[in-house]
Every structure is written in structure tokens, then in C-alpha cells.
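The values are calculated or read from the model by the stated rules, or taken from the named source; none is laboratory data. These numbers come from a predicted model, not from an experiment. Every residue, glycine among them, receives a Cβ derived from its backbone with ideal geometry; neighbour counts consider all protein chains shown. These area figures cover heavy atoms from the full protein model, side chains too; ligands, DNA and RNA do not enter into them. Shrake-Rupley method; radii C 1.70, N 1.55, O 1.52, S 1.80 Å.
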Amino acid sequence: MTDTAALAEPRPPRRRPRTHGVGRPAWSALVVTVAAVVATPVLAVVVDGLGNSAALPRDLGQMILTTLALMLGVGAGSLVVGGGLAWLVTAYRFPLRNLLVWLLVLPLAMPAYVLGFVFLSVFDVAGPVQSFLRAVFGADVWVPEVRSLPAAIIVMSLSLYPYVYLMARSALIEQSSGTYDAARTLGANRGRALRRVVLPLARPSLAAGLALVMMETLTDFATVQYFNVQTVSVGVYLVWKGTFDFHAATRLAVLVLLFAVAVLVAERALRGRARYHQQGGRRQGFEPERLRGARAWAATALCLAALSAGFLIPVAQLLVWAVGQVISDASFLADPRFAEYLANSLLVAGVTSLVCVGLSLCVGHAIRLGGGRLVSGAAQLTTFGYAVPGAVVGIGVLLSFAALDAGLERAGVPGGTGLIVTGSVVGILYAYVIRFLAPAYQSVSASLEKISPTLTASALSLGAGPRRMLGRVHLPLARPGVAVALMLVVIDAVKELPIVLLLRPFGFTTASVWVYELARENFWEKASLPALVIVAVAIIPVFVLVGQTRRREAHRTVPGKAGQ
Amino acid sequence: MHLRPLTTTLVGLTALTSVLTGCSAIGGSSADLQIYSARHYDLEGAFGQFTEETGITVEFISGDDAELLERLKAEGEDTPADVFMTVDAGNLWNGARQDELAPTSSAVLDEAVPEDLRDADGRWYGLALRARTVTYNPDAVDPAEFDAVDTYAGLADPTWKGRLCMRDATSAYTQSLVASLIDLHGRERALEIVRGWVANEVSILSNDVLLLEAIDAGTCDVGINNHYYLARTLAENPDLKVDLYWASQEGAGTHVNISGAGVVQGSDNPEDAQKLLEWLATDGQNAFVDANHEFPVNPAVEPEPVIAAFGDFERMPLNAEAYGTLNADAVDLLAEAGYK
């Protein structure tokens, strides 16, 4: 109990007990290798960017300001929405709460490139909303500018908040209610207990979620373009296309990387130097308070409102288009390519998520074993790819393999690497792992960090080897984080577009490429079906995760296990 | 012992990856011709017909123009591609400049494709023609209001204040139109024109279909559109209140652009690649352009009925080099004029 009380008050940072001064060399080497492999393509782009003196765009200053405003706006928005909703569904009971707990994750399933065009066709001048307003209030009715920075911030916050929501929620579930109860017993009201106990404990998770949101915002080039918001990432594409010169674009890509560094630094600062650890494996969780009457329905309405913009409205619009398409030409449904494209999407996403989570566990584990600055620096480097726009990662992979190919041929290997990158799915998988290690690592390490180091130390002192400890101690305790990681990567990978578009071999098409090809030509009705399929596929891992969360929640109500 | 799940997973992953790699590598290049295409419109139809008529099999991969070109460069001589197909003359010019396209000499192509729509060295050939011209709501605009000599510049006149809708500055369509204005009038005058549009409080929309919908809904009177978007929207909704006006008919002619293709430098089958280009420029013209309501480049081939109904027009001669070299200037000019 003394330990629990100590947890409640953030106290001066205590040094993490190092289990071994230099860590385990084999594990440290593994982390450094992973970081090197993952960073090479990104470095290839940086080298290219620093090595040329192409002109920068005229409105670069404006682009930088826009990027900052967008990232801060979306970060704040998703923190409030995601964190608030997570607290709401965890600490209170209200109508539809059990359903909403997992429905609230669904905006994740909506690819940005779909959300953008759907949103605009609903809300832009010729869309049903404005047409309705004009019909009711006359042609001169004032409507806020849809294609603007504030609109982009709102829409992106409402579609990206699930990252914060998921992380916050798993943090809240993992928190033992003992600390919260202790605070309440000691006289703190709900608000004070939330501020002083729950939030500090959830801070690493909130920071991790926030970092993901900001990186998504930074690399997005689909949604922002629909809203005519020119961020630095959009600038990379504009310069690339506008000048027909890839090297001119890499200079801007380096700038994007600087933003990414800023996000990562900010994330570390937000996590703080203080470390909070739970004791043991017992998960108690909160006893939710039942809301009644108007307050209960207000809570339901709040959740539904948040869900509408990022999911319900776009899905409704897609369904309308899809039904129209099926009525006019149902043969589309029987297209055998449907299944093939979907299988390709799933295969790549599945393999990517397993690799990413496996690597994240190894990296997170190696850090717990110690190893100092080098290892933690290398671990940071592995998450970098998430902050690099997909097409830039893809080009980086091409550049790296082209160099390797040339090197091998010079060294006398006939044919070099051949066509391994674009002749097989290896290039796609490689680029995907670079891009999506971050979401996997963020959630795995956020979970690992909550495991008390004394636990690690005692396992080691009892003679468990590092590998055995990973399998027996860390993995089971970090399971919620692992589940979230698997799910996030699968969803991200199914939605991913620029990389697969660039690196796919002949005969390899995914569902997202299919949507792209149709939407690009404004065949929205035709694109709506495969878009719905992507959304449906991305929902599956949500179900899996919810099942797991439910079991855990049910677990704690079992008598005998519920006691301290 | 307890490591088993992890080890099993890793072994499984490795196995799966090798299988995936093997499958795609083997199943990869089975057709006679491989095509990288940044153009998507109904390629299956045209290529299917080509295979039927010639027995040459074709497979293609679609993607983004700039990225496909980088991919070609990175693949170098290992590239499986035989033909690079793209939209926008600037991209074709750039492919040739970067030395990714091989010179072809073909009497058939020289005969079929007008001189300004192909490379002098035969590295690329235009195959489909699109016009970017003025569209308007007939309830709100009398076409006599347009400047028949230089319609694009005429939209900078204050009479159009608050009535214009155009595409965003990031659109390749906007950029190549402005590049052609720079080519035609010089940078200073082009800047004046774009500033005039901005001063007229032009509404910027992010795609051509939204533009047409906005004109139809009466939220703007005039827009600048690719002709085929109007043809396509009219085919779906014949009551659409949008008419087409052929711009600058008493002056330099209407701004046009092309889709085209060239034989890839590292192609292992340039003969068949050339046959495909020849077929697309002659017998295959209708199969290639009609589904997307584009104009054939070959003057001997008739356009399909919906766009034929727009009437004949004079086009501005196409200067691919200008589209390529002036595009960066156009981007800069649009930013300077405050056009978003």
C-alpha cells in the first residue's frame, strides 16, 4: 500500500534501476541493426535532400506556419476528443455505452483519401447540406468556408482521435483502481483524483497517442489537399510534380523530417522523466459510475456526435453511392478481382503487423535490459518512418536498393539484386515496416513501461534469461499494448496507398489501389464499393480488440479475483 | 521452452515472406508487353482489343506519373517495363529529358500523329487529346459576354467579379494552363491575368466534377474545365445546366493537353512496343479515347458523338517543352499572385 500511495504523488524523478549496466550485447546489437535497416531508406532521401541546391517554393514560410497550425490544432482537438471520450466511457455508465466503447474506434477504419472526397461532396457548395440550407434560407445564406484550415482541423481531429482514445483507454483499463480509490478515500473529489492520479498515470499513453496523431497529420497529403491546406508534405508533392524534379522535392522532405524530430522530442518531454509503474499483474480498473437522466443521454449524444463526422456520415454517403451503383450495374459485385485485391491487402497487412509487433517487442525488451543511450537512441530511430510521407519512404527504398544493386554488380555479382524491390512484394513489406513500426512500438512500449522494473529485476535474479523473461513475464503483461499494436498496424496497412502504388509488382493490386484508381477519375459511385470493403476490413481487428477488452473487463467482476 | 510462440512466429513469417516473394516473382512477367501507365481510363478495353487483333499480350500497372518515372530510373536496365504511358505533355517531355524513353522511328506514327503532338526524335507520341476550356451556366451567362480573342485572359475583367470557379493551384490542369499562358504572353502579362482572376474573387474547387456541380447549382456562373468531365457528367445527367464555350477561337485557340506514350529505354521488346503505339494511334484510337470522351489525335479518326456535339474548334498549338520547362514558373507565378 505504501507503494501505491507513492504512485499517486508525482515525485522527483527516481532513477530507473538498471538491471545491467550495459544491457545484453546481443539484444542491444539487435536494436541497432533494426534501426539501421529501418533508417537506411530515410537516410537515402536525406542525403539526396542535403546534397542539392534546388530552389525552395516561394510560399515556404506560409507552408511551415500552416503545418504548425494544423498539427497543433489537430493535436489539441484529438487530445480533447480522444482523451475525453476514453474517460467518459471508462468512468461512467450511460445508454449505449457498451456499444459506443468500440464504435468510437471506427473512424480509424476510414482512409483519409476516402474521407476527404466524401466529406467535400457532402458539405461543399453543391453537396446536400449546402443545397438544403440554400433551399430553406435562400441562395444568399452564409455558410462557413468548407475548404479551409479550421475545417481541416475539425475533420482531421474527428478522424484521428481514436489513436489517443485507444491509448488512453488501454491506459485507464491497465490502471489499478487502487490508486484512484486511495485518492478518493483520502478526500479528493472525482475531478481532483482525475487530475492528480489518473492523468499523470495515463500520461505516457496520452503522449504516445498524441505523437501518432501528429505524425499522421504531418504525413497526410490526401485530406489536406481536399481542404486546400498546403502543409510541407503537400509541398513535397507539389514541388516534385510542379518542377518535374525529384531532387527539388527531397529538400522539402528533409524539412518534413525536422518536424518529425520535433514531434518525437515533444513526445519525450510530454512523457516526462518521471516513471510510473503499476505493481504486479492484477488489473482492477475503475468501477464506473452510472449516469442518470439528461446527463446520461448527453453523454450518449456526445459520443455519437464525435462518431458522426469521422465515420457515420462518410459511411452513409458511401452506402448511398454503393446502392446507386449496384442498382445501375450490379455486375460490379460479381467481379472476381474483388476477392483477389482483398486477399492481397490482408496478406500484406497481416505480415506487416506481425513483423512490426515482433520487432517492437524485441526493441522494447532490449531497452528494459539496459544498454544506455545508444540503444534508446536507436529505438527512437525505428519510429521515424511513420513521420515520413509514404511516397518518400517508397522512393527511399527504391534509391537504397538501386545503390545496393549497383554495388553488388560492381563487386562482381552478376545481375546484382535483380528486380527484388518492384518484382516482388519484398519492397512493399520493407517500406510498410518502416512506416508502421511506430504505431506498433508506441503502444507496445507504453505498455512495457508500466511494468515495474523491480519485476524485471526479480525475474532476472531468479535466473530467467532475457528470452524467457520476454515470453513469460513481459509479453503477458504487455498483452493489451500488443493487441492495440497489431490492430493499429493492420488498419494502417490495409488503408495504405502511396507505397503499394509505387512498389507493387505486375499483377499485384490491393483494395486501396483499386479505390485510388476509381476515385482519381471521380468515379465515386464505383469507388464506393471497394472503399466500403476497406472500411469493413479495418473494422475486423476492432472487433477482435473489443472482444479482448471485454474479457478483461468481465474478468475483474469475477468474485474472488476482484479482491485486492 | 516458453519462447516457442515467438520463434514459431518468426519462422512462419520468414516462410510466408519467401512464399510471397517467390509467387510474385514467378507470376510476375508473363505477358509480351509490360506497361507503366499514369493513365487509367479503361485501358483494359483498349489493350484487350489490341491482343485480340495482334496476338501480343499486354499487362499494365497504373500509378502516379512522377513516381512511376522515379521507379523506371531506379530499376534501370532491370526494368520490366516496355512502354511508359502518361498524361500531360510536360511528363512526356520530362521522361524524354531524363533519358528514360528510347527514340522510335515509325512512318505510321509520323503519319498518324500531328507534328506538335509528338517528340521530334520519336521518344514519345501523343495519343489522346483533351481541351481545357470555359464552361458556363446558360441561365446566368450570355456567351457573347466572353472575350472571343483571349477568353482565359478575358475572365480577369471585373465584369466577372464573384462569378468565377476554377481548379486549385496544385492541379496539373491549372499549372499547364498557366504555363501555356506564360508561353503565349510572357510572364508579366500572365501574372497580370492570374492576378485578375484572384481580384475577381474566384472560388477554388478541388476537382472538375465539383466545378460542374457548382455551375449547375448556380453558385458560380463560369468555370474552366476539361471537356471530357462535362461530356461524362452530361452522359449521366442530360439536364445538367452547363454549356461549353470553345475558348479563344478568334485568337490563339483553345488550350489542349495530351496523354501519350513512348518506348522505355530498357525495353526488351521494343518491336512489339512500337506496334502497340502504332495501333493506338490508328486502328485503336477509338478504343483508346472514346470511353473517356477524349479527342483522337489522329485527324483521320472521328470523335465520339457526345463530344462531337460540342462542335469543331481550333486548338492552341502544343509546345511540350514549354509545358515542361515553364511548369515550375507557373507554380511560382500562381503563388506570387496569391492563387491557392
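For segment A:63-172, the Cβ-based charge dipole about the Cα centre amounts to some 380 debye (Lys, Arg positive; Asp, Glu negative; other atoms uncharged). The length gained by stretching the chain between A:Val326 and A:Ala266 to full extension, at 0.36 nm per residue less their Cα-Cα distance, is 16.8 nm.
Between A:Leu99 and B:Gln49, what FRET efficiency follows from the Cβ-Cβ distance if R0 is 45 Å, with the result rounded to 0.05? Each step should come with its number before you reach the end.
On the way: r = 52 Å, r/R0 = 1.16.
For A:Leu99 and B:Gln49, the calculated efficiency is 0.30.
Projecting the Cα atoms of A:Ala35, A:Leu172, A:Phe123 onto the dipole axis of chain A, where Lys and Arg carry +1 and Asp and Glu carry -1 at the beta carbon, places A:Leu172 farthest toward the positive end. Of the residues A:Leu106, B:Pro317, A:Phe137, the one whose Cα sits farthest toward the positive end of the charge dipole of the protein assembly as shown, with +1 on the Cβ of Lys and Arg and -1 on the Cβ of Asp and Glu, is A:Leu106.
Computing FRET efficiency as 1/(1 + (r/R0)^6) for A:Leu374 and B:Asp110, where r is the C-beta to C-beta distance and R0 is 60 Å, gives about 0.40. Extension gain, A:Ala343-A:Trp142: 0.36 nm per intervening residue step, less the Cα-Cα distance, totals 67.7 nm. Placing +1 on the Cβ of every Lys and Arg and -1 on the Cβ of every Asp and Glu, with no other charges, gives chain B a dipole of roughly 1100 debye about its Cα centre. The 1.4 Å probe gives accessible areas that order B:Phe313, A:Phe436, A:Phe543, largest first, as A:Phe543, B:Phe313, A:Phe436.
How far is the Cα center of segment A:436-487 from the Cα center of segment A:352-367, in Å? So the two Cα centres are separated by 10 Å.
The lysine pair count for the protein assembly as shown, using Cα distances under 26 Å and pairs eight or more places apart or on different chains, is 9.
The simple spin-label model puts a point 7 Å past each Cα toward its Cβ; for B:Lys161 and A:Leu462 those points are separated by 8.2 nm.
The listed residues A:Asp245, A:Asp124, B:Asp139 rank as B:Asp139, A:Asp245, A:Asp124 when sorted by accessible area, largest first, using a 1.4 Å probe.
Considering only the protein assembly as shown, what is the antiparallel percent among its DSSP beta bridges, to the nearest 5?
60
Below 8 Å, C-alpha to C-alpha, sequence gap of six or more: please give me the relative contact order for chain A in percent. Worked out over chain A, it gives 24 percent. In the assembled protein chains, B:Glu192 presents an accessible area of approximately 110 Å² (probe radius 1.4 Å). Take the Cα of B:Ala120, step 7 Å toward its Cβ, do the same at A:Leu133, and the gap between the two points is 5.5 nm.
Annotation: A:Thr185 carries an accessible surface of approximately 120 Å², with a 1.4 Å probe and no ligand, DNA or RNA atoms counted.
What are the membrane-span-like helices in chain B by this rule: whole DSSP H runs, Cα extent along the axis at least 20 Å, mean Kyte-Doolittle hydropathy at least 0.0?
Numbers: long enough: B:4-27 (34 Å, 1.04); B:320-336 (24 Å, 0.28).
Within chain B the helices that satisfy the rule are B:4-27, B:320-336.
Largest accessible area first, the residues A:Lys241, A:Lys450, B:Lys340 order themselves as B:Lys340, A:Lys241, A:Lys450 under a 1.4 Å probe with ligands, DNA and RNA left out. Extension gain, A:Trp297-A:Leu408: 0.36 nm per intervening residue step, less the Cα-Cα distance, totals 33.3 nm.
Placing unit charges on the Cβ atoms only, positive for Lys and Arg and negative for Asp and Glu, gives the protein assembly as shown a dipole magnitude near 9140 debye about its Cα centre. Of the peptides A:132-142, A:419-429, the order by per-residue mean of other Cβ atoms within 10 Å, starting with the highest, comes out as A:419-429, A:132-142.
Please tell me the relative contact order of chain B in percent, rounded to the nearest whole number, where contacts are Cα pairs under 8 Å and at least six residues apart. Let's see the in-between values first.
Working: 617 pairs, mean separation 93.3, N = 340.
Rounded, it is 27 percent for chain B.
Roughly how many whole Å is it from the C-alpha centroid of segment B:245-263 to that of segment B:205-220? First find each Cα centre; the distance between them is then 22 Å. For segment A:189-277, averaging the sequence separation of C-alpha pairs within contact (under 8 Å, six or more residues apart) and dividing by the residue count gives a relative contact order of 34 percent. Taking the centroid of alpha carbons for each part, segment B:271-340 and segment B:81-111 are 14 Å apart. At q = 0.08, 0.09, 0.13, 0.15 Å⁻¹, what log₁₀ I(q)/I(0) does a Debye calculation on the Cα points of chain B give, no solvent, two decimals? The Debye formula, applied to the Cα set alone, gives -0.44, -0.54, -0.98, -1.22.
Each residue of segment A:485-494 was assigned a 3J(HN,Hα) from its phi angle through the Karplus expression (A = 6.51, B = -1.76, C = 1.60, θ = phi - 60°), giving 4, 4, 5, 4, 5, 4, 4, 4, 6, 5 Hz with x at Gly and Pro. At the residue level, A:Lys495 shows approximately 30 square angstrom of accessible surface with a 1.4 angstrom probe and all protein chains present. Considering only A:Met215, A:His247, A:Val234, the residue lying farthest towards the positive end of the dipole of segment A:177-253 is A:Met215, judged by Cα position with unit charges set on Cβ.
In chain A, helices alone account for a calculated mean residue ellipticity at 222 nm of -22500 deg cm²/dmol, with every DSSP H run of four or more residues adding -39,500 (n - 2.57).
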